[in-house]
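One structure is given below, encoded as C-alpha cells.
The values are calculated or read from the model by the stated rules, or taken from the named source; none is laboratory data. Owing to the predicted nature of the structure, the values given are computational and were not obtained by experimental measurement. Positions of Cβ are generated from backbone atoms using ideal geometry, with glycine treated the same way; all protein chains shown enter the neighbour counts. Heavy atoms of the whole protein, side chains included, go into the accessibility calculation; ligands, DNA and RNA do not. Shrake-Rupley method; radii C 1.70, N 1.55, O 1.52, S 1.80 Å.
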Amino acid sequence: MPTDARPLIKWNARHLRLAIDAAGVALWSWNVDTDHFTMDQHGYGLWDLPFGPFVIFEDLSAKIHPADRDRVRAAFAATRAIVGPYEIDFRIMVGDDVRWISARGQGDDADIEGRTMFGVFLDVTGRKQAEEANELLAGEMSHRVKNLLSIATALTTITSRSAKSTEEMAHELTSRLAALGRAHDLERPVPGRNENGALLGDLLTILLAPYDDMGAFSGRVRVSVPRMSVGEAGATTLAMIVHELATNSMKYGALSAATGTLDVSCTVEGNEVTVVWTERGGPPVVSPAELGGFGSKLLRRSITSQLNGSVHHNWSDEGAIITLRIDKDRLSI
C-alpha cells in the first residue's frame, strides 16, 4: 500500500444532510403521474409553505410571481423531454418580498425511480440582485457617457458663438471642459475623502459654470439660493440630478439656444427644500408623451430613493419649469 494512500471517506446519509444544509440546498421529488411534490423541511421553508407529506404543483404555482408562472409551468411540463440536466430560474412571492429560486434536475427520465424525478431548489436571490445591480450600473454608465458626449458637443457650439479666434475658442473650450470635469467629480464619492460637504450656492456654481456663455452666473445662468450646507452624499446625488437637467436643457431646452436663460432658485420651509429650475427663451416646449427614458428614470430614482423627495414637471409655453422637493435631512448627509 503506498505511503501517501489515505482511506476513502464513507459518506453516510447524515454527512450528506449536513453538507446539503450547509449549502442551503432544498431537496424535491416529483411524481410525474400524481403531480405530487415532496420537499424536505428546507424546501417548505424556502417556499413559505406549511410542512406536509406533499404538495401539488398548483400549491407551488400560487407562490410563483405572476410574470413567471406560465413560463415555469411550461418548463416543468417539458422537463421529461429535455436531455441531460436542466435549470430554470424564477421568482416567488413570500409576503411582500420577492425571492429568486433556481430549480435544477435531470431530464429525459434519467435516473427516474418509481415514476419520480428528483432535483433541488436553490435560493439565488443574492446573485440575481447583484446581476440586476450590475445591469443598472452598466446602463447608467452608458447613459452618462452619452450625456457627456452630448454636453461636449454643445459646449463646443456655445464657445464658437463668442470666440473671436481659434486660439480664444481653444482656451475657452478647454476651460469649460475642465469645469465640466470638476463638476463630474462631484457625481461620485471618492474613497478616503473626508469632507463636510459644501455650500449649496458653491455647489451649483461648480455644476453650472460650464453652461454659461459669459462665465459663472454673469450671463444667462442665474442662481438664487439661501446659505445652507450640503453633505457629501447629498452633493453627489444633487450633482447627478443637475447634470441630468442641464444635459436635457442643452439638447432640447433653453440652454440649446443663444437667447435661452436658466434660473435656479431655492427655498427652505421646515424640513423641505424646494429647488425650482426655470427655463426661458429656448425653442418651443413640447410636452413629452411619457417620461420613460433612462435619464428620467434615473432622475426620479435619485430624488425619491436617495433624497426622499419628488420631482414635478411643468411644460409651459414659455419654457420648462421643474420643481424638486427634497428632504433637508437627506441633503445634509
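Ordering PHE90, PHE54 by accessible area with a probe of 1.4 Å, largest first, what comes out?
Values: PHE90 0, PHE54 90 Å².
Most to least solvent-accessible, the answer reads PHE54, PHE90.
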Inset, instruction - Report the convex hull volume per residue for segment 208-273, counting only C-alpha atoms, in Å³. - result: 98
Inset, instruction - On the full set of protein chains, 1.4 Å probe, figure out the accessible area of GLU58 and give it in Å² to the nearest 10. - result: 100
Inset, instruction - Would you check the accessible area of ILE101, probe 1.4 Å, heavy atoms only, in square angstrom rounded to 10? - result: 0
Legend entry - Sites ASP35 and HIS313 - FRET efficiency at Förster radius 30 Å, r taken between beta-carbons, to 0.05: 0.05
Legend entry - Inter-probe distance in nm under a simple model that places probes 7 Å from Cα toward Cβ, at LEU16 and ILE56: 3.0
Inset, instruction - Please work out the FRET efficiency for the pair THR157 and MET228, using the Cβ-Cβ distance as r and a Förster radius of 51 Å; give the result to the nearest 0.05. - result: 0.90
Legend entry - Extension gain (nm, one decimal) between LYS251 and THR174, 0.36 nm per residue minus Cα-Cα: 25.7 nm
